Amino acid sequence: MAYELRSRGPRDLISLAAIIIAAILVLHIIFVWLNANQGNDIVSTDADWAGWLATWFIDLFTPANVKLRTFLNYGLAALFFLAVGALLRRVVRDL
């Protein structure tokens, strides 16, 4: 029985990119929830990247609690990128 080897490279790269983007956003949520030092280079860099990645979702929900607001807006952005990554992975698979 012949086994057909197919390149999964592009699909894997799409998944990896979506996971990395979601990880940056989730890391920002964790930093906010744990009151991480905003003066730290890692925390501030992650906040900058997460802010840029979540541009469309910032202030989508505006509860008074900053931690809840961050969780809702950045969490939704993370889910969005994971969903888009899964969709693109499926489209590339079907090509």
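Excluding ligands and nucleic acids, what accessible area in Å² is computed for Ile24 using a 1.4 Å probe, to the nearest 10?
30 Å²
Taking chymotrypsin sites (Phe, Trp or Tyr not before Pro) as exposed when DSSP calls them loop (any state but H, G, I, E, B) and at most 16 other Cβ atoms lie within 10 Å, what is the longest stretch of the chain free of them, the sites themselves excluded?
Details: sites that count: Tyr3, Trp56, Phe61.
Formally, the longest exposed-site-free interval is 4-55.
How much length is gained on full extension from Ser44 to Asp12, taking 0.36 nm per residue of separation minus their Cα-Cα distance?
8.6 nm
Roll a 1.4 Å probe over the protein chains and send me the accessible area per residue for the chain in Å².
72 Å²
Which option, (i) 25, 15, 13; (ii) 33, 15, 9; (iii) 45, 15, 10, is the value of semi-axes √(5λ) of the Cα gyration tensor in Å that was calculated from these coordinates?
The listed entry that was calculated here is (ii).
Calculate what fraction, in whole %, of the accessible area of the chain sits on carbon and sulfur atoms when a 1.4 Å probe is rolled over the protein chains.
On the chain, the fraction of accessible area on carbon and sulfur atoms equals 68 percent.
Sum -39500 (n - 2.57) across every DSSP H segment of at least 4 residues in the chain, then divide by the residue count to get the 222 nm mean residue ellipticity, nearest 500.
Details: 3 runs with 67 residues, N = 95.
Roughly -24500 deg cm²/dmol at 222 nm, from the helical runs in the chain.
Relative to the longest principal axis of the chain, what angle (0 to 90°, nearest 10) does the C-alpha long axis of helix 41-53 take?
70 degrees
Between helix 9-33 and the chain, what is the angle of the helix's C-alpha long axis to the longest principal axis, kept within 0 to 90° and rounded to the nearest 10?
10 degrees
The values are calculated or read from the model by the stated rules, or taken from the named source; none is laboratory data. Bear in mind that the values here come from a model prediction, so they are computed numbers and not experimental data. Reconstructed Cβ throughout: ideal geometry from the backbone, glycine too, with neighbour counts over all protein chains shown. The protein model used for the area step is the full one, side chains on, heavy atoms only, and it has no ligands, DNA or RNA in it. Shrake-Rupley method; radii C 1.70, N 1.55, O 1.52, S 1.80 Å.
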